[in-house]
Amino acid sequence: MAQNGLAKRSEKGLLTPDNCVVTLIDHQPQMLFGVTSIDRQTLINNVVGFSKAARLFGVPTILSTVETKQFSGNIWPQLKAQFPEQTPIERTSMNSWDDPNFVAAVKKTGRKKIVLAGLWTEVCVAFPSIQAIADGYEVYVVEDLCGDLDLRIHEAAMRRVEQAGAKPVTWIQVMLEWQRDWAWTETYPAVMDIVKNHAGAYGMGVEYAYTMVHGAGPSTFPYWEMPVNAELAHK
């Protein structure tokens, strides 16, 4: 068994739930405003879906923010909701690898593979990726959890980190790399729930197969309670 109680996955160059740490850097409102390299709602969806996967597989996840009060705003509430007890590591430095608290948090996990994403790709992703690699870490950049001012800038930054030795991955790829075997039922139902909620057409395909092929009942979602203006409600 792995350290987290899950069935042991083979490594041989692949990510496993017990050989990596996730770092999510500067997913904040001001940083999102300037992103045009990826649809911003899709980006939020991807980050939340991947965060659920990290929680599911027990992968240590480090959140970090920059200049929250002065410029960038609080971490996205949709992301914060996945880690309600965690306080993001606050920085002044653009490069999280220049921040001793961030580096100490990574070192504390004892893991040498970093699954990294953030805004923007050219700075908040590229700088720590390059320096972590120089310090002996293996870096996997989750490309569809990153964004930049335009697609050309994002792609140039990705080329730079790849040339430095980083490995580009996507969030569903990493989640399925952690799952690895559909027979491992400890995590299978939750993976399918993440897929149905966050994987677009793939999720609709799973919903169709469950209901139309296997005869399962349709998925249900919580009823949306409309926010009420408290002052008007008392009049």
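The values are calculated or read from the model by the stated rules, or taken from the named source; none is laboratory data. Since the model is a prediction, treat every value here as computed from it, not as a measurement. Glycine also receives a Cβ, built like all others from the backbone with ideal geometry; neighbour counts cover every protein chain displayed. Areas reflect the complete protein model, heavy atoms only, side chains present, ligands, DNA and RNA absent. Shrake-Rupley method; radii C 1.70, N 1.55, O 1.52, S 1.80 Å.
Structure notes:
- Taken over segment 19-41, the criterion of being more than 21 Å from SER129 (Cβ to Cβ) and either touching a His at 6+ places or on another chain (Cβ under 7 Å) or touching a residue at least 40 places away in the same chain (Cβ under 8 Å) (or both) is satisfied by PRO29, GLN30, THR36, ARG40.
- Filtered by the rule that a residue be among the aromatic types (Phe, Trp, Tyr) and open to solvent by 20 Å² or more (accessible area, probe 1.4 Å), segment 162-185 gives TRP182, TRP184.
- Checked against the criterion of being of a type in the set (Val, Ile, Thr) and either touching a residue at least 60 places away in the same chain (Cβ under 8 Å) or closer than 25 Å to THR36 by Cβ (or both), the candidates VAL103, VAL161 yield just one match: VAL161.
- Any chance ASN46 is polar (S, T, N, Q), closer than 24 Å to ASP148 by Cα and surrounded by fewer than 14 Cβ atoms within 10 Å (Cβ to Cβ): no
Yes/no per residue for (1) open to solvent by 50 Å² or more (accessible area, probe 1.4 Å); (2) closer than 30 Å to THR185 by Cβ; (3) among the hydroxyl-bearing types (Ser, Thr, Tyr):
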| site | (1), (2), (3) |
| --- | --- |
| LYS8 | yes, yes, no |
| LYS12 | yes, yes, no |
| GLN41 | yes, no, no |
| PHE50 | no, yes, no |
| ALA53 | no, yes, no |
| GLN70 | yes, no, no |
| ASN74 | yes, no, no |
| GLN78 | yes, yes, no |
| PRO88 | no, no, no |
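- Test result for TYR188, open to solvent by 60 Å² or more (accessible area, probe 1.4 Å), among the hydroxyl-bearing types (Ser, Thr, Tyr), out of contact with any strand residue (DSSP E or B) (no Cβ under 6 Å at 6 or more places or on another chain) and under 25 Å from ILE38 (Cα atoms): no
- Restricting segment 201-231 to residues that are of a type in the set (Gly, Ala, Ser) and exposed (fewer than 13 other Cβ atoms within 10 Å of the Cβ), the residue that is farthest from LYS52 (Cα to Cα) is ALA230.
- Test result for TRP76, touching a Pro at 6+ places or on another chain (Cβ under 6 Å) and either hydrophobic (A, V, I, L, M, F, W, C) or under 21 Å from ASP193 (Cβ atoms) (or both): no
- From LEU43, LEU32, LEU15, residue being of a type in the set (A, V, I, L, M) and more than 22 Å from TYR202 (Cβ to Cβ): LEU32
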